[in-house]
Amino acid sequence: MKRSCGARPLLYPHPVMIVCTYDADGNPDAMTAAWGGICSSNPPSVAVSIQKVRKTYENIQQQKAFTVCIPSAGHVAAADYFGIESGRHADKIATAGLTAVRSDLVDAPYVAEFPVVLECRLTGSMEVGVHTQFIGEILDVKVDESVLGPDGVPDLTKVMPFVYDSAGRAYHAVGPEIAKAFSAGLALKK
């Protein structure tokens, strides 16, 4: 028997994404976002939902660009800090002892120490309650060579991403592979 928990944002798990932008003066900023994910495969696009009170909201509106970085588990403290401090009050990337790098393709920075970066051009936005959902076309994905597998794509066990549990307000590591996608269900297909 299931018990009602009420209407809450409890889709499990939430990816931990670091959204990086420049402000009008060219200062880099980073914000942790958990409300988002891939929203189109062609063109490749990612959606992130950001409250209007956030500096990142202003920056995306002004610059029409952002990056999404995927931090590894070793950077959980920096990722958490990026979500609890405002870019209006601190240079968060420098305070975390990390390095802001200018994107090659869009007017936005990324964090050099994070293994995966999506360079995004703003293509649309939509008001959703207290958030604005920004859609960014992914112009390029940059991946540290150290986390690439033999097939040339990111190896999840080397990237070591982590996820956010909004009910427990905690971060969790991603576990081992349990099945191959697009094949585990073939036995049930008629």
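The values are calculated or read from the model by the stated rules, or taken from the named source; none is laboratory data. Treat the numbers as computed from the prediction; the structure is a model and nothing was measured. Every residue, glycine as well, gets a Cβ built from its backbone with ideal geometry; the counts of neighbours run over all protein chains shown. Side chains included, ligands, DNA and RNA excluded: accessible areas come from the protein's heavy atoms. Shrake-Rupley method; radii C 1.70, N 1.55, O 1.52, S 1.80 Å.
A few remarks follow.
- Output for the range 58-87, where each listed residue is in contact with a helix residue (DSSP H, G or I) (Cβ under 7 Å, 6 or more places away or on another chain) and either among the aliphatic types (A, V, I, L, M) or not in a strand (DSSP E or B) (or both): ILE70, PRO71, SER72, TYR81, PHE82, GLU85, SER86, GLY87
- Given (1) touching a strand residue (DSSP E or B) at 6+ places or on another chain (Cβ under 8 Å); (2) open to solvent by less than 80 Å² (accessible area, probe 1.4 Å); (3) more than 21 Å from ARG169 (Cα to Cα); (4) not charged (D, E, K, R), index of the condition GLY26 fails: (1)
- Scanning the range 1-57 for residues that are in a loop (DSSP other than H, G, I, E, B), touching a residue at least 40 places away in the same chain (Cβ under 8 Å) and not hydrophobic (A, V, I, L, M, F, W, C) turns up ARG8, PRO9, TYR12, PRO13, ASP23, ASN27, PRO43, LYS52.
- Whenever a residue of the range 173-186 is over 15 Å from ASP155 (Cα atoms), it has no partner that is open to solvent by less than 50 Å² (accessible area, probe 1.4 Å) lying with C-beta atoms less than 6 angstrom away and at least six residues away or across chains.
- Residues in the range 58-87 that are among the β-branched types (Val, Ile, Thr) and touching a residue at least 60 places away in the same chain (Cβ under 8 Å) were compared, and the one that is surrounded by the most Cβ atoms within 10 Å (Cβ to Cβ) is VAL68.
- Residue in the range 10-18 that is modelled with pLDDT of 95 or more, under 18 Å from GLN61 (Cβ atoms) and surrounded by 14 or more Cβ atoms within 10 Å (Cβ to Cβ) present: no
- When ILE93 is tested against (1) open to solvent by less than 30 Å² (accessible area, probe 1.4 Å); (2) within 21 Å of GLY36 (Cα to Cα), only condition (2) is not met.
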